[in-house]
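So the structure is just underneath, and the comments pick up after that.
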Amino acid sequence: MSQLIKNLKQLGFKEFGKRWKRGIMKLTPEQLLKGELYGYGGSVIGTSIAGVVFIMMGLWPIMLFLVFNIFIQLSQFIGKYQQYNTLKLITEQMDISELIGGNE
């Protein structure tokens with residue numbers, strides 16, 4: 001993270017933003033989905049830890065809200081995970097078909 005801040009200071013905000021955008025545009029859909037999966041996973045873990053803290057503090061109404069929130073996050077995680085696996089499978093099949101087609 002400190003390297004990121006150094007680059008921002010060296011390049012200036014405008015140039016750094018341009019380079020950042022170019023880098024983001026080069027990401028594949030598989031890489032984007034993988035990043036979203038990490039985000040959902042971290043969110044579920046953080047919400048679970050917050051739930052444990054609220055139970056220890058005796059704040060049950062907030063805990064009920066967090067339980068429903070965890071279910072929503074888990075369903076989103078499962079959906080993205082299925083999407084990631086499907087995309088990965090399609091990509092592998094395309095690679096195989098290109099190899100087979102290239103040998104003819």
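The values are calculated or read from the model by the stated rules, or taken from the named source; none is laboratory data. Predicted model, so just to flag it, every value in this text is computed and none were measured. Neighbour counts run over all protein chains shown; Cβ positions are idealised from the backbone, glycine included.
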Inset, instruction - Can you confirm whether the range 48-67 contains a residue that is part of a helix (DSSP H, G or I), in contact (Cβ under 8 Å) with a residue 24 or more places away in the chain and not charged (D, E, K, R)? - result: no
Inset, instruction - Scan the range 68-104 for residues that are without any contact (Cβ under 8 Å) to a residue 12 or more places away in the chain and either within 27 Å of residue 32 (Cβ to Cβ) or part of a helix (DSSP H, G or I) (or both) and report the count. - result: 22
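Okay, residues lined up against (1) surrounded by 10 or more Cβ atoms within 10 Å (Cβ to Cβ); (2) modelled with pLDDT under 85; (3) touching a strand residue (DSSP E or B) at 6+ places or on another chain (Cβ under 7 Å):
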| residue | (1), (2), (3) |
| --- | --- |
| 7 | yes, yes, no |
| 10 | no, yes, no |
| 15 | yes, yes, no |
| 22 | no, no, no |
| 28 | yes, no, no |
| 36 | yes, no, no |
| 40 | yes, no, no |
